[in-house]
Amino acid sequence: MPLSLLETHPRSDGTASDLIDFYTSLTTSQFLTEIGWDADRTALTISQEHPLLGWRACRSEGCTVGTRAKLGLCSSCANRFHASGLSEEDFLARGRTSRKSGLGRCAVAGCGRPWKTARAKLCHAHAHQQQQILRLPLQEFVAHPSVTPLLSYGPCAVVACLRDRDGTRSVYCHAHYERWKLRQKAGVADEVSCPGLVGGSQDWKAGSRARTEEVPARVA
Ligand SMILES: [Zn+2]
Ligand SMILES: [Zn+2]
Ligand SMILES: [Zn+2]
């Protein structure tokens, strides 16, 4: 970083918001968009294909974790590979078979909600409609005329979390809600740290302005 930038750096008592404003003022909105900066979530998601900042995904089929390991496998897949006793070729051909949470959108076109699980590929509401009402295979279900996209509940309230809320029970994503419950059980969380939504999905923007760090961010 050039010294001139350090000299104009905000004083150390500046807020996180001041620092973000300061650093974003040093570049262009086009560059920030290009590198994947999400101002609302205060999170940076660099695409794998970016010519300068791009990264290499794990070689295991179906695994999207980045890696710089010589073997080309993330630590989880590398552990499974070493424990499998398979040749590298056979292991890679088998793909990732273990449970993987991952981030994913509901498979219904235009639905703004996260999938319930990677296996279900549908949000909670659509999974209920598929399994309990229409009882159709996924491909037929998503094409059914009565299946319509649903509004997002908005982003998780934990700073820099990339996940969305999966319902109106709290302002957190599923992973952080579960984490909050554990902390509550241990007596280290209170009701203020996990407020429920008052007016459902329409309130997410107001909630996102008051994002909290009460529950430490950790992508499971
Ligand atoms: Zn992997
Ligand atoms: Zn959905
Ligand atoms: Zn979250």
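The values are calculated or read from the model by the stated rules, or taken from the named source; none is laboratory data. What you see is a predicted model; the values in this text were computed from it and never measured. All Cβ positions, glycine included, derive from the backbone under ideal geometry; neighbour counts span all protein chains shown.
The table below gives the values:
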read-out: Any hit, the range 138-150, residues being modelled with pLDDT of 95 or more, on the phi < 0 side of the Ramachandran plot, outside any loop (DSSP other than H, G, I, E, B) and β-branched (Val, Ile, Thr); value: yes
read-out: Inter-residue pairs, beta-carbon under 8 Å, first under 18 Å from residue 40 (Cβ atoms) and in the range 140-169, second within 16 Å of ligand 1 (Cβ to nearest atom) and assigned to a loop (DSSP other than H, G, I, E, B), 6+ apart; value: 161/219; 162/103; 162/219; 163/103; 163/219
read-out: Matching residues in the range 70-87 - criterion: being surrounded by 15 or more Cβ atoms within 10 Å (Cβ to Cβ) and closer than 27 Å to residue 158 by Cα; value: 74, 76
read-out: Qualifying residue in the range 108-121 (condition: more than 14 Å from the chain's Cα centre (by Cα), part of a loop (DSSP other than H, G, I, E, B), among the aliphatic types (A, V, I, L, M) and surrounded by 14 or more Cβ atoms within 10 Å (Cβ to Cβ)); value: yes
read-out: Residues of the range 29-69 satisfying the condition of being over 24 Å from residue 158 (Cα atoms), of a type in the set (Phe, Trp, Tyr) and not in a loop (DSSP other than H, G, I, E, B); value: 31
read-out: Failed item in (1) surrounded by 13 or more Cβ atoms within 10 Å (Cβ to Cβ); (2) within 16 Å of ligand 1 (Cβ to nearest atom); (3) under 22 Å from residue 179 (Cβ atoms); (4) not aliphatic (A, V, I, L, M), with residue 124 passing the rest; value: (2)
read-out: Flag if residue 160 is surrounded by fewer than 20 Cβ atoms within 10 Å (Cβ to Cβ), within 14 Å of residue 103 (Cβ to Cβ) and out of contact with any Lys or Arg (no Cβ under 6 Å at 6 or more places or on another chain); value: yes
read-out: Enumeration of residues in the range 151-160 that are within 16 Å of ligand 3 (Cβ to nearest atom), within 17 Å of residue 116 (Cα to Cα) and assigned to a loop (DSSP other than H, G, I, E, B); value: 152, 153, 154, 156
